[in-house]
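Coordinate-derived values only; no laboratory data. No experiment lies behind these values; they were computed from the predicted model shown. Note: ideal-geometry Cβ built from the backbone for every residue, glycine included; neighbour counts use all protein chains shown.
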Amino acid sequence: MKSSGKCPKCGSIELVPTPKLVTGGGLTGGEGLGASVDLFGNVSRQFEAIVCMQCGYTEMYLPKKFLTKKRL
C-alpha cells in the first residue's frame with residue numbers, strides 16, 4: 001500500500017497517511033494495539049499508518065528510525 005499507492009483490498013487510490021498513530025496497552029497489558037520494541041529494547045507506541053478512504057483498510061508501519069540495526 002505504501003509503495004504501490006493502491007489499497008490491496010479494494011484497489012482504491014484514495015489513501016490518507018496519518019501523522020502518527022499512538023497506541024495504548026501493549027507490553028504492560030491493557031487495551032490497545034500494543035507496542036513494538038526496537039533492537040535496543042526501547043518501546044515505541046507510535047506507528048505511521050495509511051488508511052484507505054474507500055473501504056477503511058489500514059496498514060501500520062514502524063517508523064524508519066526503529067528499523068536501523070546496531071552492529072555488534
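Worth pointing out:
- Length added when fully stretched, Ala49-Leu67, from 0.36 nm per residue minus Cα-Cα: 4.9 nm
- FRET E, pair Cys10, Met60, Förster distance 22 Å, beta-carbon r, rounded to 0.05: 0.75
- Residues whose placed amide H lies under 5 Å from that of Ser12, excluding near-sequence neighbours: Cys7
- Taking θ as phi - 60° and the Karplus parameters 6.51, -1.76 and 1.60, the scalar couplings of the stretch 50-60 work out to 10, 10, 7, 7, 8, 10, x, 4, 9, 10, 10 Hz in sequence order, x denoting glycine and proline.
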